[in-house]
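Trainee: First, the structure itself, so that you have it in front of you.
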Amino acid sequence: MSDPQNQLPHCPAALAAALRVMPLAPLSLSLTAFSRRIARNHPALFQRLGAYGRTEFVLDPVDLPIVVCLNPNDGRPRIKLTRRKAQGAARISGPLAALIGLVHGAFDGDALFFSRDLVIEGDTGAALALRNAIDDAELDLAQEAETLSGPLARPVHHLIAIAEHQTGLCLTRPEDATIW
Amino acid sequence: MVMEIVCPAGTPAALRAAVKAGAHTVYCGFNDETNARNFPGLNFDRAEMRTGVDFAHQHGAKVLVAINTFPRAGDEAIWHRAIHDAEACGADAVILADPGLLDHAARHHPGLRRHLSVQAAAANADVINFYAETFGVKRVVLPRVLSVPEIAAINAETEVETEVFVFGGLCVMAEGRCSLSSYATGLSPNMNGVCSPASHVDYSEHQGVLDARLGGYLIHRVDKDEPAPYPTLCKGCFSAGEKTGHLFEDPVSLNAERLIPQLQKSGVTALKIEGRQRSKSYVAQVVRNFRTAVDALDAGRPLPEGMLARLSEGQAMTTGAYKKTWR
């Protein structure tokens, strides 16, 4: 029940359509490699997870036909995408815009919970630990992707900027995060 | 003189955000049971505390370390070590609640400024003056059960600085003495640093209806279009006979923004924002809002309109006990 004046942007229909047919195994492998790069650059994120360092998380972007199964695996994370109903110790569901916005510190997790944009199920402690660890890590997924792209960093930067402008999704970390 | 804004930081990133947003002072705690926000993924290890204090000092802000739970018999050394380490990290003050711990700090760390936590529930001038005379307490965080005239009456009878909550989660009980969480979970904010510990909270949503359970007890059920509350017993919705309702308090947040001029007139030194469990985004936005307000007040300008409703529990706000209008 978001405030109508502060509605989260919708995930592009084209992305949802593509994920209905795209083979998920290569995508899972790519995301695992990407997450391990993040783990190398942000080891404190995994230390902050403490006892939840090997917890199976299910991240469910409700406007996409897939869910993301994440195991931090004590700093060597594994990511698997699936179109089936996934089981995990903790499930965090919400629009893609909310989940990515949380990663980039654009939104407050509790505010999204109050507004029912975010739903937490299962092990609440694990979900809280993940949220707090990510909030502290100050990740910028776009910057990580650009660095990973080597000589293609500049075109990747432009592509991300265009995608962000077109979709309204928070694909980069705002310099001075402001909520909605 | 500008009123001091005292801001929460649950993580080093939140501390930096608070300082950059204009906090005069930041309060935080170690990642153990010595502070009353002992939640998963939150708080500071010793190295992070030292770095955080250095960052704050470089930007002209102060850091207060909350060591405000009550030491467990036989394990006092954990709390003593926290005070020692806070001083070693360069903290500007420690926030304490337990008289034994206050005595220890006064004897062994006389140069470390001591503030009295809201967990001590010191709600009148006599007890505040007792803490000042006995343990050298320089500031007291007042419980959220006092009206503005009551705060003015306290300030008229004490030299101790007073700090009051102006925004965030609203405890409706006498803090430091509430055991509601213990009845449902076996853990309490006073001894374990956790009110409604996440490990005992369970949410489930079915066809848009969200159930919240604490220690297995259903304490909230909200429909699809209703805002979700925190899973605390004091704001639970209970049924008795044919009536169903919030027994103690509706799930709302405190916002005393409009009362800042009155609080200043009543002699309050510092305004405290609740929310060490919240994100850096929350911290930055709330701090910026309140810093703008106190600067405007100091300059004789009208207070700006608030923008904080969407950050509030239940997406609703109250002035709490400052204006006693509830049932």
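The values are calculated or read from the model by the stated rules, or taken from the named source; none is laboratory data. Keep in mind the model is a prediction, meaning the values are calculated, not measured. FYI the Cβ positions are ideal-geometry reconstructions off the backbone, even for glycines, and counts take in every protein chain you see.
Trainee: Would you point out which residue out of A:Ala39, A:Ala33, A:Ala51 is within 14 Å of another protein chain (Cβ to nearest Cβ) and either small (Gly, Ala, Ser) or under 22 Å from A:Thr147 (Cβ atoms) (or both)?
Mentor: The unique qualifying residue is A:Ala51.
Trainee: Still on this structure, I have one more. How many residues are surrounded by 16 or more Cβ atoms within 10 Å (Cβ to Cβ) and either of a type in the set (S, T, N, Q) or more than 14 Å from chain B (Cβ to nearest Cβ) (or both) when one looks only at the range A:166-180?
Mentor: 4
Trainee: Can you tell me which residues in the range A:135-165 are surrounded by fewer than 23 Cβ atoms within 10 Å (Cβ to Cβ) and at the interface with chain B (Cβ under 10 Å from one of its Cβ atoms)? Before you say what the answer is, go through the steps one by one.
Mentor: To start, the set of residues in the range A:135-165 that are surrounded by fewer than 23 Cβ atoms within 10 Å (Cβ to Cβ) comprises A:137-165.
Once the filter is applied, which keeps residues that are surrounded by fewer than 23 Cβ atoms within 10 Å (Cβ to Cβ) and at the interface with chain B (Cβ under 10 Å from one of its Cβ atoms), the range A:135-165 yields A:Ala137, A:Glu138.
Trainee: Here's a follow-up. Please specify each residue of the range B:214-227 satisfying the condition of being under 24 Å from the mean Cα position of the chain (by Cα) and either free of Cβ contacts under 8 Å to residues at least 40 places away in the same chain or in the same structural domain as B:Leu297 (by TED's automatic domain parsing) (or both).
Mentor: Result: B:Leu214, B:Gly215, B:Ile219, B:His220.
Trainee: Quick check: is even one residue across the range B:262-279 hydrophobic (A, V, I, L, M, F, W, C) and in contact with a Cys (Cβ under 7 Å, 6 or more places away or on another chain)?
Mentor: Scanning the range B:262-279 turns up at least one residue that is hydrophobic (A, V, I, L, M, F, W, C) and in contact with a Cys (Cβ under 7 Å, 6 or more places away or on another chain).
Trainee: Got a sec? Which strands (runs of 3 or more DSSP E) wholly within the range B:208-276 have at least 1 residues that are modelled with pLDDT under 85 and under 30 Å from B:Ala153 (Cα atoms)? Before you say what the answer is, go through the steps one by one.
Mentor: Values: elements: B:209-214, B:217-222, B:237-240, B:243-246, B:253-255, B:270-273.
It comes to B:253-255.
Trainee: Now for a different question. Quick one: which of B:Glu175, B:Glu150 is without any contact (Cβ under 8 Å) to a residue 60 or more places away in the chain, assigned to a loop (DSSP other than H, G, I, E, B), of a type in the set (Asp, Glu) and touching a helix residue (DSSP H, G or I) at 6+ places or on another chain (Cβ under 9 Å)?
Mentor: On inspection, the qualifying residue turns out to be B:Glu175.
Trainee: Can you work out which of the residues in the range B:195-210 that are more than 10 Å from every other protein chain (Cβ to nearest Cβ) and out of contact with any Pro (no Cβ under 6 Å at 6 or more places or on another chain) is farthest from B:Val141 (Cα to Cα)?
Mentor: Ranking the qualifying residues of the range B:195-210, first place goes to B:Gln207.
Trainee: Search the range B:8-59 for residues being more than 14 Å from chain A (Cβ to nearest Cβ) and part of a loop (DSSP other than H, G, I, E, B), and hand back the single one that is surrounded by the fewest Cβ atoms within 10 Å (Cβ to Cβ).
Mentor: Within the range B:8-59, the match that is surrounded by the fewest Cβ atoms within 10 Å (Cβ to Cβ) is B:His59.
Trainee: Could we say that A:Gly94 is away from chain B (no Cβ under 12 Å) and either free of Cβ contacts under 8 Å to residues at least 60 places away in the same chain or surrounded by 22 or more Cβ atoms within 10 Å (Cβ to Cβ) (or both) here?
Mentor: no
Trainee: Give me the helices (runs of 4 or more DSSP H) completely within the range A:95-180, filtered to those with at least 3 residues that are over 21 Å from A:Pro77 (Cα atoms) and of a type in the set (Asp, Glu), ordered by residue number.
Mentor: Working: elements: A:96-103, A:109-114, A:124-137, A:141-148, A:153-167.
Filter on the range A:95-180 gives an empty set.
Trainee: Working only within the range A:109-125, note down all residues that are on the phi < 0 side of the Ramachandran plot, within 7 Å of chain B (Cβ to nearest Cβ) and not β-branched (Val, Ile, Thr).
Mentor: A:Gly109, A:Asp110, A:Ala111, A:Phe113, A:Phe114, A:Ser115, A:Glu121, A:Gly125
Trainee: Suppose the filter is away from chain A (no Cβ under 14 Å) and free of Cβ contacts under 8 Å to residues at least 24 places away in the same chain; does B:Glu157 pass it? Break it down stepwise before answering.
Mentor: Working: away from chain A (no Cβ under 14 Å): yes; free of Cβ contacts under 8 Å to residues at least 24 places away in the same chain: no.
No.
Trainee: Now, a different point. Among B:Cys237, B:Cys178, which is over 23 Å from the mean Cα position of the chain (by Cα), more than 14 Å from chain A (Cβ to nearest Cβ) and crowded, with 17+ Cβ neighbours inside 10 Å?
Mentor: B:Cys237
Trainee: For the range B:81-110, name all the residues that are among the small types (Gly, Ala, Ser) and farther than 20 Å from B:Arg46 by Cα.
Mentor: Going through the range B:81-110, the residues among the small types (Gly, Ala, Ser) turn out to be B:82, B:86, B:88, B:90-91, B:93, B:97, B:100, B:105-106.
Once the filter is applied, which keeps residues that are among the small types (Gly, Ala, Ser) and farther than 20 Å from B:Arg46 by Cα, the range B:81-110 yields B:Ala97, B:Gly100, B:Ala106.
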